[in-house]
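Inspection log for the structure reproduced underneath, given as structure tokens.
The values are calculated or read from the model by the stated rules, or taken from the named source; none is laboratory data. Predicted model only: the values in this text are computed from it and were never measured. Note that each Cβ is placed from the backbone with ideal geometry, even for glycine, and that neighbours are counted across all protein chains shown.
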Amino acid sequence: MKILVTGAAGFIGFHLSERLLAEGHTVVGVDNINDYYDVNLKYARLKELGIGREDAEVFYKETISSINRNFKFVRLNLEDKEELFQLFATENFEVVCNLAAQAGVRYSIENPNVYIQSNIVGFLNILECCRHHEIKHLVYASSSSVYGMNKKVPFSEEDIVDNPVSLYAATKKSNELMAHTYSHLYKIPTTGLRFFTVYGPWGRPDMAPILFADAISNNRPIKVFNNGDMERDFTYIDDIVEGVKRVIEKSVEERGLYKIYNIGNNDSVKLLDFITQMETSLGKEATKEMLPMQMGDVKKTWANVDGLIKDYNYSPNTSLSTGIKEFINWFKDFYIES
């Protein structure tokens, strides 16, 4: 199967590309490599996929991986409609997995225009490309943030999601509505995946795991919001990638053209328990700076993944202790010992 993965230099996109290639698929990766966080990490991920930095830095240059001939990378912005259409016309993709987006809840409060361009305009261009090039299936990243301040847990796809508390969440809800429209009008099979808190090796440095690990390792206090009274459906990256892969590979005929799924660990973990596991793996105790709830944040997330279990036999099975141990091993290797 020939698959386009947007956001291929990102955390989930990198791992998904690696897994799809291991399964024998042909993958074209796209990313704009913006500087929302350290680009060195993005280039390091691409290096693991066999794409050198000198090639990856050049916009619109198609580079074939030095370690897997079934992987090709192109740097471009999804907002660049002409270049995106040209890529679709040239490559004849069967499936598109759109993971490219401007991420971050707090950053969306400071930089709203970036989110509209990347997450709305960019996604519209993806939909238009799928419409005009007969794509068999569009899989795209939504987010648990669409649930806003929903107090009913675990979160279910049937819950009302009309009250986002950040612009980032609003763009993700918009993506779901846009996909529904294109599925209805043009019979394009679309699947939205509401990702819950994903962690693991090669994770984003603006997310809690790396922020915590870095602070603890360097004897700095860690910021614990809402005075530690937070819970998250922490999901290890391998479990996420397995779920996305299953959605990509299976026909949509049995479940209909348009579908939304939660994808998470099917459990909620107290933030302080997560920190305790990190302390154990690092062999150091954290100094905690207790802070109030941040604007745009939510107290608790917990995914009901019954839909994904039913339709795709999804089974997240990585324990918190195992996942954090793997993450810390990578963190030490990449940030401390390298």
Which numbered condition trips up residue 265, out of (1) closer than 30 Å to residue 192 by Cβ; (2) at pLDDT below 95; (3) surrounded by fewer than 18 Cβ atoms within 10 Å (Cβ to Cβ)? (3)
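From the set of residues in segment 99-142 that are in a loop (DSSP other than H, G, I, E, B) and touching a residue at least 60 places away in the same chain (Cβ under 8 Å), which is surrounded by the most Cβ atoms within 10 Å (Cβ to Cβ)?
Looking at the filtered set, the residue picked out is 100.
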Counting only strands (runs of 3 or more DSSP E) wholly inside segment 1-98, the ones holding at least 2 residues that are touching a residue at least 60 places away in the same chain (Cβ under 8 Å) are 2-6, 26-31, 95-98
Just to be sure before I move on: is residue 278 of a type in the set (A, V, I, L, M), out of contact with any Gly (no Cβ under 8 Å at 6 or more places or on another chain) and closer than 18 Å to residue 146 by Cβ in the structure I sent? no
Here are some residues: 240, 216. Which one is of a type in the set (Val, Ile, Thr) and under 17 Å from the mean Cα position of the chain (by Cα)? 240
Which one is farthest from residue 273 (Cα to Cα), of the residues in segment 179-214 that are touching a Leu at 6+ places or on another chain (Cβ under 7 Å) and surrounded by fewer than 19 Cβ atoms within 10 Å (Cβ to Cβ)? 187
Residue within segment 227-245 that is out of contact with any Phe, Trp or Tyr (no Cβ under 9 Å at 6 or more places or on another chain), within 23 Å of residue 23 (Cα to Cα), modelled with pLDDT under 95 and not aliphatic (A, V, I, L, M) present: no
Enumeration of residues in segment 15-68 that are of a type in the set (Ser, Thr, Tyr) and surrounded by 14 or more Cβ atoms within 10 Å (Cβ to Cβ): 17, 26, 36, 37, 43, 63, 65
Assess whether residue 66 counts as being closer than 18 Å to residue 97 by Cβ and either of a type in the set (Phe, Trp, Tyr) or modelled with pLDDT of 95 or more (or both). no
Please verify whether residue 153 is β-branched (Val, Ile, Thr), surrounded by fewer than 20 Cβ atoms within 10 Å (Cβ to Cβ) and part of a helix (DSSP H, G or I), treating the condition exactly as stated. no
Residue by residue through segment 282-338, note down the ones that are modelled with pLDDT under 95, surrounded by 15 or more Cβ atoms within 10 Å (Cβ to Cβ) and among the acidic types (Asp, Glu). 297
Find the residue count for segment 231-246, including only residues that are in contact with a Lys or Arg (Cβ under 9 Å, 6 or more places away or on another chain) and of a type in the set (A, V, I, L, M). 2
